[in-house]
Amino acid sequence: MPFSSLGISPELLRAIGDSNYPAPTPIQKEAIPAILNGKDVWACAQTGSGKTAAFALPLLQNLANVDRARPLCVRTLILVPTRELAAQVGESFRFFAEYLRQPVKVIAVFGGVSINPQMMALRGGADVVVATPGRLLDLLDHNALRLADARTLVLDEADRLLDLGFADELASIISRLPQRRQNLLFSATFPPTVRALGEQLLHDPVRIEVPAATATDPAIVQRSIRIDTARRTQLLRHLINKHGWTRTLVFVATRHSTAHVAEKLRRAGISAAALSGDLSQGARTKALADFKAARVKVLVATDVAARGIDIAHLPAVVNYDLPRSTTDYVHRIGRTGRAGESGVAVSFVPTVVEEHFRLIEKRQRLRVPREIIAGFEPSS
Ligand code: AMP
């Protein structure tokens with residue numbers, strides 16, 4: 001099924017052509033016609049499924065039929081859990097919007113940077129605002145924007161938004177939106193809290209399920225390796241060298257570990273950057289840009305910092321420390337094996353976390369057989 005059969009306008013078809021998207025992804029096939037029709041959407045999809053384009057393209061097309069935003073007003077509001085994702089989704093919208101005949105104003109707002117330029121930018125109103133909830137509320141408190149004219153609300157990575165404790169912020173934002181509006185909810189997982197939010201928010205939604213990245217997804221090979229805690233960095237170096245991974249995203253449990261592991265890799269001659277909430281926004285942006293541009297081979301990150309980031313051509317994800325939840329596990333491994341590429345997700349499993357990994361396996365309903373690598377046999 002080609003993009004042209006989904007009801008997309010010729011201008012946006014050109015944007016898709018220039019993006020070299022060969023065909024719509026499963027989520028795009030279902031979401032684009034539904035969103036163009038003004039339906040609410042309940043979509044189970046994760047980063048890597050092409051979900052951003054699945055909502056950006058039809059929402060931009062729908063904007064062509066409405067009046068431009070008035071001063072301080074916003075037409076389409078997209079809430080995302082992290083700064084990085086806000087910037088990334090904003091960029092996608094801007095890229096596609098360039099192809100439209102009328103100008104569409106897209107503004108991304110997030111914390112960690114000065115609020116004043118964002119207030120200035122919003123003064124004339126915006127057609128699309130991509131925001132993290134905290135900063136959006138700050139801006140509302142400053143009367144820097146009004147939500148009364150918004151026609152569409154998108155919750156992107158709804159499970160993350162709730163995981164990060166944004167439930168109250170979301171409720172406050174939703175209460176300021178007009179009653180009549182289109183609602184889209186995208187989430188990789190559907191724990192009870194997300195279900196409840198969806199049920200409260202969505203009216204007669206079109207339900208879309210795209211299989212999550214689990215063992216059933218052949219694009220991602222999952223491996224788990226038994227290893228002594230103290231030898232994990234050595235094993236990491238060994239795997240990077242042995243498999244010739246051009247880029248590796250390594251997850252650790254704490255901010256402190258990001259710097260520590262990255263430093264150990266650098267000392268061993270492997271270029272590595274750390275990404276954590278401890279860094280200034282400028283440093284975070286730079287670490288990510290260096291990794292994306294292949295100036296560093298390894299990015300060592302915490303879950304929060306790496307949330308939602310989209311890195312093309314990422315062959316390997318390593319759980320140096322295991323994630324706390326199965327949700328985090330699914331999100332982490334979903335960073336690799338994007339858009340038709342294959343990838344590997346390796347979990348290090350020292351004896352002390354064996355029980356915890358079994359729980360993750362059980363919740364995912366799969367087994368990832370433990371391997372032992374020659375030269376790295378665990379002592380126990
Ligand atoms: P997302 O799930 O929105 O984070 O998108 C993941 C990546 O897939 C992004 O780099 C997109 O540019 C890319 N992408 C989106 N749609 C398609 C498509 N139809 N074909 C190939 N790549 C795509």
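Before rounding to the nearest 500, sum -39500 (n - 2.57) across all DSSP H runs of length at least 4 in the chain and divide by the residue total; then give [θ] at 222 nm in deg cm²/dmol.
On the way: 15 runs with 149 residues, N = 380.
The per-residue figure over the chain is -11500 deg cm²/dmol.
Mind listing the phi-derived Karplus ³J(HN,Hα) values for the range 194-208, rounded to whole Hz, using 6.51, -1.76 and 1.60 with θ = phi - 60°, and x for any glycine or proline?
The phi angles translate into 6, 4, 4, 4, x, 5, 6, 8, 9, 10, 6, x, 7, 9, 10 Hz.
State, in angstrom, two size descriptors of the range 68-173 derived from its alpha carbons: Rg to one decimal place and Dmax to the nearest whole number.
12.8, 40
Which cross-chain or sequence-distant (5 or more) residues have an amide H under 5 Å from the amide H of Val318, H modelled 1.01 Å from N in plane?
The answer is Leu249, Val250, Phe251, Val346.
Tell me, what is the FRET efficiency for Ser175 and Thr246 to the nearest 0.05, using R0 = 56 angstrom and their Cβ-Cβ distance as r?
On the way: r = 47 Å, r/R0 = 0.84.
About 0.75, to the nearest 0.05.
If packing is taken as the mean number of other Cβ atoms within 10 Å per residue, what is the order of 71-81, 28-38, 253-263, 362-372, highest first? Mind dumping the intermediate values first?
Values: 71-81: 22.9, 28-38: 20.1, 253-263: 18.2, 362-372: 12.8.
Answer by packing, highest mean first, reads 71-81, 28-38, 253-263, 362-372.
Who wins for biggest fluctuation among Pro192, Pro24, Pro315 in a Gaussian network model of the chain, springs between alpha carbons below 10 Å?
Pro192
Provide the per-residue ³J(HN,Hα) series for the range 231-239, in order, calculated from phi with Karplus coefficients 6.51, -1.76, 1.60 and θ = phi - 60°, each as a whole number of Hz, with x at glycine and proline positions.
10, 5, 5, 4, 5, 4, 4, 4, 5
Amide H of Ser224 versus every other amide H placed in the peptide plane: which residues, excluding those fewer than 5 positions away on the same chain, fall under 5 Å?
Residues meeting the criterion, in which the H sits 1.01 Å from N, are Ser347, Glu371.
For a bin width of 10 Å, list the pair-distance distribution of the chain built from all Cα-Cα distances, rounded to whole %.
5, 23, 32, 24, 12, 3, 0
For the range 220-371, take every pair of Cα atoms, bin their distances at 10 Å starting from 0, and report each bin as a whole percent.
Pairs per bin, as whole percents: 11, 45, 36, 7, 0.
Would you mind checking the range 92-109 for residues with the amide N under 14 Å from a putative spin-label position 7 Å along Cα→C-beta of Asp18?
92-104
Students often get this wrong, so check it: of Lys39/Lys286; Lys29/Lys242; Lys264/Lys362; Lys105/Lys286, which have C-alpha atoms separated by over 31 Å?
Values: Lys39/Lys286 39 Å; Lys29/Lys242 39 Å; Lys264/Lys362 33 Å; Lys105/Lys286 26 Å.
Checking Cα-Cα distances, Lys39/Lys286; Lys29/Lys242; Lys264/Lys362 exceed 31 Å.
Round to the nearest 0.05 the FRET efficiency obtained for Leu359 and Thr254 when R0 = 22 Å and r is the Cβ-Cβ distance. Each step should come with its number before you reach the end.
Working: r = 21 Å, r/R0 = 0.93.
Efficiency for this residue pair is about 0.60.
Roughly how many nanometres apart are two label points built 7 Å out from the Cα toward the Cβ at Ala312 and Lys286?
2.5 nm
Kindly write out, for the range 258-264 in residue order, the coupling ³J(HN,Hα) from the Karplus curve 6.51 cos²θ - 1.76 cosθ + 1.60 (θ = phi - 60°), rounded to whole Hz, with x marking Gly and Pro.
For the range 258-264, the Karplus-derived couplings read 4, 5, 5, 5, 4, 5, 5 Hz, x marking Gly and Pro.
Coordinate-derived values only; no laboratory data. Quick caveat, the model's predicted, so the values are computed rather than measured. Heads up, the Cβs are rebuilt from the backbone with ideal geometry, glycines too, and the neighbour counts pull from every protein chain shown.
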